[in-house]
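The values are calculated or read from the model by the stated rules, or taken from the named source; none is laboratory data. This one's a predicted model, so the numbers in the text were calculated from it and none came from an experiment. Cβ sites come from the backbone with ideal geometry, for glycine too, and all protein chains shown count toward neighbours. Heads up: the accessible areas ignore ligands, DNA and RNA and are worked out on the full protein's heavy atoms, side chains in. Shrake-Rupley method; radii C 1.70, N 1.55, O 1.52, S 1.80 Å.
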Amino acid sequence: MALRPHPLPVAIALAIGIGLAGWLAGWLAGWIGAEAWWLAAGLLALAGLRRPPLLLGAALAAGLAHGTLSPVTAPPDTVADDRDPDRIAGTIAGPALRTAYGTGALLRTDTAAIWIWTDEPVQAGERVAVTGRLVTPRQARGPAQPDREALIRTRGAGLELTAKRIERLADDPGALDRVWRWSAGVQATWARRIDEAGGAPDARAALRGIVTGDRAAVPPELDTRWRAVGIFHVLSVSGLHLAVVAGLAFALLRRLVAASPWGGRVQPARWAAPPALAIAIAYTLVTGAQLATLRALIAITLVLIAAMLDRPIRIVDAIGVAAIAILAWRPGDLLDPGFQLSFVAALTLALLPARPDRRGLRGYVTRGITATLWVTITTAPITAYHFQQITPGGLVGNLVLTPILELVALPLGLAGVAIGWDPPIAIASWLVALVDRIAGALAGGMPMGHVALVGTSSLVVVVALSIGLAARAHRTRVDLIAWLGLCVAWSQARTPPPDGALRVTFVDVGQGDAALIELPDGRVWLVDAGGIPGTDPAAGSAPGKAIRRVLAAYGHRRIDVAIVSHPHPDHYLGLLALDVPIGELWSAPDEAVAGSFRVLAATLAARGTKLVYPPLGTSIAGEIELVTWAPRYHATQAAPVQLAADPVRTVNDNSLVVELRYRGRAILFTGDLELEGEAELVAAGLGRVDVVKVPHHGSRTSSSPGLVDATRPALAVISCGRANAFGFPAAEVVARWQAVGADIARTDRDGAVTVTVDAAGALTVERFVSAGP
């Protein structure tokens, strides 16, 4: 049965409208209200039910109206992104999700929806007061960085809060809340049964993710192995999970009805479909009703209803209806990578032309390889855009390992937890452990490629071309042209600097420093790498992922020189997250340095990195000059000055300060210098520069009048975190730099700041946040 009009083009038009709404938000604001858009869409729909072009126009207009984001309002007596903790009372709405980052839940107040993170259990319908800092969702902003604000909006919230304290105020759940509580209770029971059945701890944690959607205990090492072989998606309950569960239930029930005494007098599908649908709905609820399962549930519902009516529906139509339903409900889901991956994968499989000549085992294997290859091709742009990764191992992993997990381990584990019988769970756990061992053996030979797509236009073009090629039944010259176009689109997705140019990107790493330097000859340097103090190394190195994404976006697989200004964690811990070779690590010699920086240096040295203490003065000369200015140390008054830490100064004042010169331009990197170190620098003869990385994130203990007056830059870059606890940058510091004519760029407001010096010496500045779509 083919639906008329076809839902897929309508869904695509709706998605385009939603996407355009975000892109045009600044231009359309205040021009026309959403009500007028809905009226236009309704009139177009009435006129265009039998006119496809008008119907597509109606869907496009509806997307424009529905995709326009309403402003986010903080609850009364609270301020987002300030330094003070907030106490907010509200009601938990919907399921509480257990993730590797803690439990997340939606808190609704009278005026706002807030996504909270907490270590304490919460449940739907519970009225609580949470205390923590209210923030606008935001990660690093820069090339190839994920949009956390869009992610939180897909969860129905506009603000985010990590709860330091939770007070239970009342508990009066409604009918829907009781449904969510029931599903959470079943999920917890199933997870407990998996643990009680025994098996390897890692396998049990993975099986809980596969069967129940609880990924809280999945170890990072297993996560990495499964990503490398392309089966990471199996760790959470996906649309494929639900399709397997519903399909097996429907097939089993249909056979039971057919084998019953009434089998010859009734249509088995008509009687098997309703309970199969009930099972699919229940499983969706128990696993948290995530986006991928909701999409699959809508499609499965249509398929089962069609089976009841004995009028099979085209899968592509079911996918189109599912897309329309989800985007009409929550238009922000269009930006969710899970939505994009699940729909593109399902659409690819639905559009692949049938090959009736391929039968038997050989035909099955050939079809499996072909389908896996095309899904890998069509989803690769999405993983490159959102995660800067392409996993060629997915071709083998999805063909060999995914069927073991989806068709054997999942049904066994689900049957075992549902009836409370340990043997099937134990077998499922053993199979998961076996798959993990195979994944570990394959992972070393199938490394993940770090490739990035930059820009939504590149993503749309590459995905559209890939799906178009996958759907082609007959190969002609058009395919050759399309393949060439696909290759060109991929190649143009990178953003290299202009020929002969020096490009410096001050990466947004939150409350820390990091600057990526691309030299005209292709070498790559890094000055500092960000980091989060006071946490374990794995968590503390998280800002380094932003640098890794920028490297992928710019097409680099190596750092030739990494310069650490001083051994404070917010300047070096990010190096731990960089899985690219580092040729040399430069730092100032300091015998007092201990702890994690020494461990980091030893770790990098073991990987082949050369540890270098540069001399004062010009370290590198030629077309590019690198001048090392500090730290300056006199062992005695008569001794010559040398580059070394002064034992009577602070770590900040012993920062390694370097100046980069090219085509008559100069860029100064000051680390965390404070007043004493700045005075020494000025006394050493530091003069005018074009760009200054402002010392110590704009602290009032830095940026002395002497330094500001000596350098007088055209641009002062302040690297700091949004709503940071220190109140950086200080207002008087900003005013001091502005007083000498400096333009101020701040990573907390502008995201990544890119300075380019071309072959003629012209200097340009780009701010990521103001760079547009």
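Mind listing just one residue for me: the one in the stretch 75-109 that is assigned to a strand (DSSP E or B) and of a type in the set (Val, Ile, Thr) and, of those, modelled with the lowest pLDDT? Show your work before the answer.
Restricting attention to the stretch 75-109, the residues satisfying the condition of being assigned to a strand (DSSP E or B) are 86-99, 102-108.
Narrowing further to those that are of a type in the set (Val, Ile, Thr): 88, 91-92, 99, 103.
Working: Ile88: 96, Thr91: 96, Ile92: 96, Thr99: 77, Thr103: 87.
This residue is Thr99.
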> Hey, among the residues in the stretch 670-689 that are of a type in the set (A, V, I, L, M) and not in a loop (DSSP other than H, G, I, E, B), which one's nearest to Thr650 (Cα to Cα)?
Replying inline: Leu675
>> Could you list, ordered by first residue, the pairs with Cβ atoms under 8 Å in which the first is in the stretch 728-753 and free of Cβ contacts under 8 Å to residues at least 60 places away in the same chain and aromatic (Phe, Trp, Tyr) and the second is buried (at least 24 other Cβ atoms within 10 Å of the Cβ) and not in a strand (DSSP E or B), at least 6 apart or interchain?
In response: Trp737/Val694; Trp737/Ser703
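In the stretch 316-342, which residues are within 26 Å of the chain's Cα centre (by Cα), of a type in the set (Asp, Glu) and assigned to a helix (DSSP H, G or I)? Walk me through it before giving the result.
Residues of the stretch 316-342 within 26 Å of the chain's Cα centre (by Cα): 319-320, 322-342.
Narrowing the set further to residues that are of a type in the set (Asp, Glu) leaves 333, 336.
Asp333 - this is the single residue of the stretch 316-342 that is within 26 Å of the chain's Cα centre (by Cα), of a type in the set (Asp, Glu) and assigned to a helix (DSSP H, G or I).
Taking Val229, is it farther than 30 Å from Arg181 by Cα and open to solvent by 20 Å² or more (accessible area, probe 1.4 Å)? Spell out how you get there, then give the answer.
Numbers: farther than 30 Å from Arg181 by Cα: yes; open to solvent by 20 Å² or more (accessible area, probe 1.4 Å): no.
For Val229, the condition - farther than 30 Å from Arg181 by Cα and open to solvent by 20 Å² or more (accessible area, probe 1.4 Å) - is not met.
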>> Suppose the filter is out of contact with any Cys (no Cβ under 8 Å at 6 or more places or on another chain), assigned to a helix (DSSP H, G or I) and under 23 Å from Ala346 (Cα atoms); does Ile313 pass it?
In response: no
>> Within the stretch 602-612, does at least one residue satisfy the condition of being at pLDDT 85 or above and touching a Ser or Thr at 6+ places or on another chain (Cβ under 6 Å)?
In response: no
> Are any residues in the stretch 81-120 over 16 Å from Arg155 (Cα atoms), more than 25 Å from the chain's Cα centre (by Cα) and not acidic (Asp, Glu), and if so, which ones?
Replying inline: Arg83, Pro85, Arg87, Ile88, Ala89, Gly90, Thr111
>> The conditions are (1) more than 30 Å from Gly522 (Cβ to Cβ); (2) at pLDDT 95 or above, and Ala723 fails exactly one of them. Which is it?
In response: (2)
> So which residues in the stretch 326-367 are open to solvent by less than 30 Å² (accessible area, probe 1.4 Å), among the small types (Gly, Ala, Ser) and at pLDDT 85 or above, if there are any at all?
Replying inline: Ala345, Ala346
> Could you give every pair whose Cβ atoms fall below 7 Å, whose first residue belongs to the stretch 518-546 and is free of Cβ contacts under 8 Å to residues at least 24 places away in the same chain, and whose second residue is of a type in the set (A, V, I, L, M), counting only separations of at least 6 or pairs across chains?
Replying inline: Ala539/Ile532
>> One residue is enough: does the stretch 591-610 have a residue meeting the conditions open to solvent by 10 Å² or more (accessible area, probe 1.4 Å), more than 37 Å from the chain's Cα centre (by Cα) and under 22 Å from Gly677 (Cβ atoms)?
In response: yes
> How many residues does the stretch 161-187 contain that are in contact with a helix residue (DSSP H, G or I) (Cβ under 7 Å, 6 or more places away or on another chain) and more than 12 Å from Glu126 (Cα to Cα)?
Replying inline: 4
> Taking Thr456, is it over 30 Å from Ala188 (Cβ atoms), open to solvent by 20 Å² or more (accessible area, probe 1.4 Å), in contact with a Gly (Cβ under 8 Å, 6 or more places away or on another chain) and not hydrophobic (A, V, I, L, M, F, W, C)?
Replying inline: yes
>> Give me the residue from the stretch 478-511 that is assigned to a loop (DSSP other than H, G, I, E, B) and at pLDDT below 80 and, out of that set, surrounded by the most Cβ atoms within 10 Å (Cβ to Cβ).
In response: Ala493
> Here are some residues: His571, His556. Which one is closer than 19 Å to Ala752 by Cβ, open to solvent by 30 Å² or more (accessible area, probe 1.4 Å) and touching a strand residue (DSSP E or B) at 6+ places or on another chain (Cβ under 8 Å)?
Replying inline: His556
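Does Ala89 satisfy the criteria of being hydrophobic (A, V, I, L, M, F, W, C), closer than 21 Å to Ala170 by Cα and open to solvent by 30 Å² or more (accessible area, probe 1.4 Å)?
Numbers: hydrophobic (A, V, I, L, M, F, W, C): yes; closer than 21 Å to Ala170 by Cα: yes; open to solvent by 30 Å² or more (accessible area, probe 1.4 Å): yes.
Here the answer is yes, as Ala89 does meet what is asked.
With the condition kept exactly as written, say whether any residue in the stretch 709-722 is loosely packed, with under 15 Cβ neighbours inside 10 Å and in a strand (DSSP E or B). Steps first, answer last, please.
Filtering the stretch 709-722 for residues loosely packed, with under 15 Cβ neighbours inside 10 Å gives 709.
Filter once more, keeping what is in a strand (DSSP E or B): none.
The answer is no; no qualifying residue exists.
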>> Can you say whether Arg746 is at pLDDT 95 or above, open to solvent by 10 Å² or more (accessible area, probe 1.4 Å), of a type outside the set (A, V, I, L, M) and closer than 23 Å to Thr650 by Cβ, as far as the supplied structure shows?
In response: no
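With Pro647, Pro640 as the choices, which residue is loosely packed, with under 14 Cβ neighbours inside 10 Å, touching a residue at least 24 places away in the same chain (Cβ under 8 Å) and over 25 Å from Ile718 (Cβ atoms)? Outline the logic, then answer.
Details: Pro640 fails: touching a residue at least 24 places away in the same chain (Cβ under 8 Å).
The match here is Pro647.
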> List pairs: first in the stretch 658-669 and within 16 Å of Ala501 (Cβ to Cβ) and in a strand (DSSP E or B), second open to solvent by less than 80 Å² (accessible area, probe 1.4 Å) and aromatic (Phe, Trp, Tyr), Cβ under 9 Å, 6+ apart or cross-chain?
Replying inline: Leu660/Trp525; Leu660/Phe669
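Does Ser466 fit the bill of being touching a residue at least 40 places away in the same chain (Cβ under 8 Å), assigned to a helix (DSSP H, G or I) and among the small types (Gly, Ala, Ser)? Before the answer, list the steps.
On the way: touching a residue at least 40 places away in the same chain (Cβ under 8 Å): yes; assigned to a helix (DSSP H, G or I): yes; among the small types (Gly, Ala, Ser): yes.
So Ser466 passes the test.
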> Since Pro423 meets every condition but one in (1) more than 30 Å from Glu623 (Cβ to Cβ); (2) open to solvent by less than 20 Å² (accessible area, probe 1.4 Å), which condition does it not meet?
Replying inline: (2)
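Out of curiosity, is Val734 surrounded by fewer than 24 Cβ atoms within 10 Å (Cβ to Cβ) and closer than 25 Å to Val507 by Cβ? Before the answer, list the steps.
Numbers: surrounded by fewer than 24 Cβ atoms within 10 Å (Cβ to Cβ): yes; closer than 25 Å to Val507 by Cβ: yes.
So Val734 passes the test.
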> Within the stretch 259-290, restricting attention to residues that are in a loop (DSSP other than H, G, I, E, B) and touching a residue at least 60 places away in the same chain (Cβ under 8 Å), which residue is surrounded by the fewest Cβ atoms within 10 Å (Cβ to Cβ)?
Replying inline: Ala289
